Amino acid sequence: RNCSSQMEGSCLQLIQRFAALPLQWQLWETNNECGMEPRKAHSAVYHPDGEGYMVVFGGSDGSFCLNTTYTLDLHFKNWEMLDASGEAPAPRTNHSGTMVGNQMYIFGGAKYRTYMNDLWALNLATARWTQVHFGSGPPRSPTVRYG
């Protein structure tokens, strides 16, 4: 797995949506002309603010690793690039992401053959990235991983 492999398809404005009842997948069209570029190996989390939205970070466009962040308003079906302040995490693929309160956390991943074990938080109320450090001394994070 690396960022130089070819990615098929063009700028599709479609996402797959899983409807809870009935249990079936639906093809979901968004309203933007060309919102987020197609990507793979990214993270996506749900934030329940308002009508709810999805936050997508990083991944690969098939040629390059990315560190851009997009939101998809799940009510109006519009993509928007999030112009966050603070130092953003390095571009990466195959990282993990989760939501806790108003914070999206991402951990690990890889940029080409460089594997990471850093932890970052994006405060969605302030749109600001910060790297999370634990105490003083050498980092006590897990070993590097991705996938």
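The values are calculated or read from the model by the stated rules, or taken from the named source; none is laboratory data. This one's a predicted model, so the numbers in the text were calculated from it and none came from an experiment. In case anyone asks, the SASA skips ligands and DNA or RNA and just uses the protein heavy atoms, side chains included. Shrake-Rupley method; radii C 1.70, N 1.55, O 1.52, S 1.80 Å.
Filter the range 44-82 for residues that are under 15 Å from the mean Cα position of the chain (by Cα) and acidic (Asp, Glu); which is farthest from Asn32 (Cα to Cα)?
Within the range 44-82, the match that is farthest from Asn32 (Cα to Cα) is Asp61.
I want to confirm something. Restricting to the range 97-120 and keeping residues that are within 12 Å of the chain's Cα centre (by Cα) and aliphatic (A, V, I, L, M), which single residue is most open to solvent (accessible area, probe 1.4 Å)?
Met99
Given the criterion in a strand (DSSP E or B) and not hydroxyl-bearing (Ser, Thr, Tyr), identify the matching residue among Gly50, Gly97.
Result of the check over Gly50, Gly97: Gly97.
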